[in-house]
Amino acid sequence: MKHTRIKDLLNSTKTLQEVNAKGWVRTFRNNQFIALNDGSTIHNIQCVVDFENTPEETLKRITTGAAVSVTGNLVESQGAGQKYEIQVVKLEILGDSDAEKFPMQPKKHSLEFLRENAHLRVRTNAFGAIMRVRSVLSFAVHNYFQEKGFVYVNTPIITGSDAEGAGEMFKVTALPFDNTPRTEDGKIDYKKDFFGKETNLTVSGQLEGETFAMALGQIYTFGPTFRAENSNTSRHLAEFWMIEPEVAFNDLNDNMDLAEDFIQYVIKYTIDKCQDDLKFLESRLTEEEKQKPQAERSEMALLEKLNFVLENNFKRVSYTEAIDILRDCAPNKKKKFNYIINEWGADLQSEHERYLVEKHFKCPVILFDYPANIKAFYMRLNEDGKTVRAMDILFPGIGEIVGGSQREERFDVLVEKMKALGIDEEELWWYLDTRRFGSAVHSGFGLGFERLVLFVTGMTNIRDVIPFPRTPMNAEF
Ligand code: 4AD
Ligand code: MG
């Protein structure tokens with residue numbers, strides 16, 4: 001008999017004869033009531049076992065974590081809390097689960113404990129909800145761009161270039177560690193390596209993406225990116241997913257419009273599709289916040305916060321204006337910041353970004369026109385000669401969620417910039433070709449997918465919104 005998903009059973013509009021459900025036992029109460037979950041929804045279905053006519057041996061095997069198949073009738077529930085339940089006629093244990101040993105006991109576990117059991121944490125309510133929301137969000141990303149006629153491009157994961165010029169790359173090599181081939185001057189001889197050159201895991205698909213935008217007009221990437229930056233924070237992963245649209249003929253203002261519209265669309269889409277999961281995550285967050293002192297609690301509940309982003313324009317502020325605000329703000333004057341803002345040109349730390357978003361503007365902020373020397377080489381130099389057409393989008397509770405720019409389309413200016421920064425022109429010959437042949441104004445941005453999932457789920461640690469997080473000293477699973 002084919003089983004029916006629990007979500008569909010719970011959404012049934014009438015009672016049903018002879019249904020079958022398969023799932024994992026969450027709890028078994030009074031030797032009679034199974035709370036069964038199959039991952040299709042946050043809600044369990046209650047299955048009422050006829051314990052008087054079920055062998056004691058079988059009843060003992062209905063334990064938290066066991067996989068079971070129940071066949072019976074879908075009837076109106078007598079109990080509170082659910083409309084329907086299954087009156088079990090036949091119960092089969094598909095896979096036992098030793099109650100003493102199964103780590104996901106029906107009680108509150110610490111997030112740290114759950115991370116150590118990332119292969120099983122997805123069997124909890126919270127992680128089931130987070131992973132369903134993540135899935136819907138990623139579909140929303142594709143939907144948005146596909147509806148607008150963007151072409152989805154799969155940029156390479158192994159590359160020879162450092163798109164961000166930050167040098168935070170994982171090397172890819174097939175060379176042996178002992179007897180590594182060396183050149184005459186003792187350096188590693190990458191000519192003898194698999195690709196005949198030095199390669200690394202990509203930090204961004206942007207540069208390859210730009211070449212495609214200069215042919216297909218509007219493109220986006222959505223894939224894994226890797227950064228060997230040793231930042232052990234709740235916002236950084238060594239392997240994360242990035243969405244990078246790139247659009248020919250767009251200037252920085254168009255780029256901001258696109259980013260804002262895109263973020264609002266995917267959040268709206270997810271609110272519409274994930275009501276139950278988001279309501280659950282909202283109550284989870286509210287509970288968690290009760291542990292915090294009043295002053296640190298967020299003013300809005302999760303759904304209110306999401307709707308706020310939909311209903312309000314992002315505040316657009318130049319870097320120069322932001323510096324003025326920060327220089328004069330109380331935490332700066334009282335030396336509460338770890339990094340005190342003294343002058344124009346300072347790089348903004350997340351404490352400054354969060355002050356602007358959470359305390360000053362109290363809404364998402366787009367900062368633009370940053371000093372050239374704190375941003376990547378490919379950004380369009382402004383007429384002032386010292387700022388570039390960069391934009392970062394800052395979100396409450398998250399900090400930077402998007403980084404993007406209008407690109408330097410002028411061949412000479414770009415080459416000069418690369419020279420000044422010591423970026424090898426030979427290595428990026430193909431990138432420079434976009435400026436040699438039919439160059440045009442174009443812009444794009446990168447959105448860190450996990451930071452978006454953090455925002456939408458109300459979780460506070462990035463390790464909890466990706467199935468198997470990779471962070472310094474951790475690559476389990
Ligand atoms: O600001 P970033 O470094 O920009 C780029 O890589 C550009 N090439 C994007 C572009 O213009 N096409 O990274 C973009 C976003 C950040 O705003 C942040 O959301 C996310 O990627 N991000 C990370 N997310 C998780 N862990 C990390 N280590 C991240 N580093 C960046
Ligand atoms: Mg950035």
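Mind checking whether some residue in the stretch 197-209 is outside any strand (DSSP E or B), closer than 17 Å to Phe449 by Cβ and of a type in the set (A, V, I, L, M, F, W, C)?
The answer is yes, given that some residue of the stretch 197-209 is outside any strand (DSSP E or B), closer than 17 Å to Phe449 by Cβ and of a type in the set (A, V, I, L, M, F, W, C).
With the stretch 1-97 as the region, which strands (runs of 3 or more DSSP E) entirely inside it contain at least 1 residues that are open to solvent by 70 Å² or more (accessible area, probe 1.4 Å) and of a type in the set (Phe, Trp, Tyr)?
Values: elements: 16-29, 33-37, 45-48, 67-76, 84-95.
In the stretch 1-97, 16-29 are the strands (runs of 3 or more DSSP E) which contain 1 or more residues that are open to solvent by 70 Å² or more (accessible area, probe 1.4 Å) and of a type in the set (Phe, Trp, Tyr).
Please report, ordered by residue number, the strands (runs of 3 or more DSSP E) entirely within the stretch 303-403 with at least 1 residues that are open to solvent by 50 Å² or more (accessible area, probe 1.4 Å) and of a type outside the set (A, V, I, L, M, F, W, C). Spell out the reasoning first.
Working: elements: 315-318, 365-371, 387-395.
The qualifying strands (runs of 3 or more DSSP E) are 315-318, 387-395.
How about the stretch 98-112: which of its residues are open to solvent by 70 Å² or more (accessible area, probe 1.4 Å) and free of Cβ contacts under 8 Å to residues at least 60 places away in the same chain? Lay out the reasoning, then the answer.
Residues of the stretch 98-112 open to solvent by 70 Å² or more (accessible area, probe 1.4 Å): 98, 100-101, 106-108, 112.
Listed by number, the residues that qualify are Asp98, Glu100, Lys101, Lys107, Lys108, Glu112.
What's the total number of residues in the stretch 435-452 that are surrounded by fewer than 23 Cβ atoms within 10 Å (Cβ to Cβ) and more than 10 Å from ligand 1 (Cβ to nearest atom)?
Matching residues across the stretch 435-452 total 7.
Exactly one of (1) touching a residue at least 40 places away in the same chain (Cβ under 8 Å); (2) away from ligand 2 (no atom under 16 Å from the Cβ) is unmet by Ile188. Its number?
Only one criterion in (1) touching a residue at least 40 places away in the same chain (Cβ under 8 Å); (2) away from ligand 2 (no atom under 16 Å from the Cβ) is unmet by Ile188, namely (1).
Looking only at the stretch 444-454, decide whether some residue is among the small types (Gly, Ala, Ser), more than 16 Å from ligand 2 (Cβ to nearest atom) and more than 30 Å from Arg115 (Cα to Cα).
Kept after step one, since they are among the small types (Gly, Ala, Ser), are these residues of the stretch 444-454: 444, 446, 448.
From what is left, the residues that are more than 16 Å from ligand 2 (Cβ to nearest atom) are none.
No, the stretch 444-454 contains no residue that is among the small types (Gly, Ala, Ser), more than 16 Å from ligand 2 (Cβ to nearest atom) and more than 30 Å from Arg115 (Cα to Cα).
Quick check on this structure: which one of Leu285, Leu237 is part of a loop (DSSP other than H, G, I, E, B) and either polar (S, T, N, Q) or under 20 Å from the mean Cα position of the chain (by Cα) (or both)? Full working, then the answer.
Values: Leu285 fails: part of a loop (DSSP other than H, G, I, E, B).
Being part of a loop (DSSP other than H, G, I, E, B) and either polar (S, T, N, Q) or under 20 Å from the mean Cα position of the chain (by Cα) (or both) holds for just one of Leu285, Leu237, which is Leu237.
Filter the stretch 42-74 for residues that are of a type in the set (A, V, I, L, M) and over 40 Å from the mean Cα position of the chain (by Cα) and give the result.
Taking the stretch 42-74 as the starting set, the residues that turn out to be of a type in the set (A, V, I, L, M) are 42, 45, 48-49, 59, 62, 66-68, 70, 74.
Answer for the stretch 42-74, where residues must be of a type in the set (A, V, I, L, M) and over 40 Å from the mean Cα position of the chain (by Cα): Val49, Leu59.
Inspect the stretch 447-464 for any residue being of a type in the set (Asp, Glu), touching a strand residue (DSSP E or B) at 6+ places or on another chain (Cβ under 8 Å) and over 21 Å from Asn253 (Cα atoms) and give the result as yes or no.
The first filter runs over the stretch 447-464 and keeps only residues of a type in the set (Asp, Glu), leaving 450, 464.
Still in the list and also touching a strand residue (DSSP E or B) at 6+ places or on another chain (Cβ under 8 Å): 450.
With over 21 Å from Asn253 (Cα atoms) added as a condition, the list becomes 450.
Yes, because at least one residue in the stretch 447-464 is of a type in the set (Asp, Glu), touching a strand residue (DSSP E or B) at 6+ places or on another chain (Cβ under 8 Å) and over 21 Å from Asn253 (Cα atoms).
Quick one: how many residues across the stretch 388-442 are within 16 Å of ligand 2 (Cβ to nearest atom) and modelled with pLDDT of 95 or more? Before the answer, list the steps.
Narrowing the stretch 388-442 to residues within 16 Å of ligand 2 (Cβ to nearest atom): 388-395, 398-407.
Still in the running and modelled with pLDDT of 95 or more: 388-395, 400-407.
Result for the stretch 388-442: 16.
Restricting to the stretch 453-469, what's the tally of residues that are within 14 Å of ligand 1 (Cβ to nearest atom), out of contact with any Phe, Trp or Tyr (no Cβ under 7 Å at 6 or more places or on another chain) and assigned to a helix (DSSP H, G or I)?
Summing the residues that are within 14 Å of ligand 1 (Cβ to nearest atom), out of contact with any Phe, Trp or Tyr (no Cβ under 7 Å at 6 or more places or on another chain) and assigned to a helix (DSSP H, G or I) in the stretch 453-469 gives 6.
Given the conditions (1) open to solvent by 30 Å² or more (accessible area, probe 1.4 Å); (2) in a loop (DSSP other than H, G, I, E, B), which single one is not true for Leu175?
For Leu175, the failing item is (1).
The values are calculated or read from the model by the stated rules, or taken from the named source; none is laboratory data. Quick caveat, the model's predicted, so the values are computed rather than measured. Reconstructed Cβ throughout: ideal geometry from the backbone, glycine too, with neighbour counts over all protein chains shown. Just so you know, the surface numbers come from the protein's heavy atoms only, side chains and all, with ligands and any DNA or RNA stripped out. Shrake-Rupley method; radii C 1.70, N 1.55, O 1.52, S 1.80 Å.
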